[in-house]
Amino acid sequence: MAKKIWLPKEILEKLSRDKSSDVRKAIAANPDLPKEVLEKLSRDKSSDVRKAIAANSDLPKEVLARLSRDESSDVRRAIAAHPNLPREVLEGLSHDKSSEVRRGIAAKPDLPSEILEKLADDPNDEIKIVVLENVNCPENILIRYATYEKPKFRQIISKRRNLPKAIVDVLTDRKRFALEEHMFINGICSQCGCGLEFVEYFGSGCNRFLK
Ligand SMILES: [Zn+2]
């Protein structure tokens, strides 16, 4: 409740020392925390309190940087969702060991393209997918994954709005190629058993030929 009510600084300071972490957490969510209280709660022993601080929209750069290296991945994930992250913080979180944190970064619409490029090579396919869904995904990454061996990326790309013609052409070619490679009889490939939807999903060719 504390986040909706204006409280004098002295009360906020007092509550920020409360032994209940729930009380400290409620205070941490207050958007008008005095700098000292914010600073203190950002070092709270409870990760729930630090996470609540991470959601505060008005955080000094040092606090953002420190919480982006927090031992709790929940706190780092909350920082990844923060709207005003300095470049170094974005950079650091883009190779966080938690894929949830990296996913949070990959989804940001205002990400510098070099960071998106790096995340496009993430070992986790889920992260690649978030990059391909990012509204600012550069064309070279889209082209690369439109011709990638795994059809699921073509599926994601094909759902984007306003695809550049070069990419539409690649997708059309892959579909035509897939249709030619299979031997469909009544909608089922007589050689590999896959259905027409495999082609709809831009599968690159008959499974039999892929082996
Ligand atoms: Zn086939």
Fill in: So Val101, is it under 11 Å from the mean Cα position of the chain (by Cα) and within 29 Å of Ala52 (Cβ to Cβ)
yes
Fill in: Check on Asp18, modelled with pLDDT of 95 or more and closer than 22 Å to Ala65 by Cβ
no
Discussion item. Just to be sure I understand, how many residues within region 5-35 are under 29 Å from the mean Cα position of the chain (by Cα), of a type outside the set (S, T, N, Q) and assigned to a loop (DSSP other than H, G, I, E, B)?
Written reply: 4
Discussion item. What are the pairs with Cβ atoms under 8 angstrom where one residue, in region 189-206, is under 17 Å from Ile157 (Cβ atoms) and of a type in the set (D, E, K, R) and the other, located anywhere, is modelled with pLDDT of 80 or more and more than 8 Å from the ligand (Cβ to nearest atom)? Sequence gap at least six, or different chains.
Written reply: Glu200/Lys175
Response to the item:
Of the listed residues (Leu59, Leu64), the one being touching a Pro at 6+ places or on another chain (Cβ under 8 Å) and closer than 28 Å to Ala106 by Cβ is Leu64
Discussion item. Suppose we keep only residues that are surrounded by fewer than 15 Cβ atoms within 10 Å (Cβ to Cβ) and among the β-branched types (Val, Ile, Thr) within region 166-187. Which one would you say is farthest from Asp122 (Cα to Cα)?
Written reply: Ile185
Worksheet item: Which pairs have Cβ atoms under 6 Å, sit 6 or more apart or on different chains, and link a residue in region 148-165 that is farther than 15 Å from Ala120 by Cβ to one that is of a type outside the set (A, V, I, L, M, F, W, C) and not in a helix (DSSP H, G or I)?
Response: Pro151/Tyr201; Pro151/Gly203; Gln155/Tyr201
Discussion item. Can you name every one of the helices (runs of 4 or more DSSP H) wholly within region 139-211 that holds 3 or more residues which are of a type outside the set (A, V, I, L, M) and either modelled with pLDDT of 90 or more or within 11 Å of the ligand (Cβ to nearest atom) (or both)?
Written reply: 139-146, 165-181, 207-210
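The values are calculated or read from the model by the stated rules, or taken from the named source; none is laboratory data. No experiment lies behind these values; they were computed from the predicted model shown. Because the Cβ atoms are built from the backbone with ideal geometry, glycine has one as well, and the counts that use them run over all protein chains shown.
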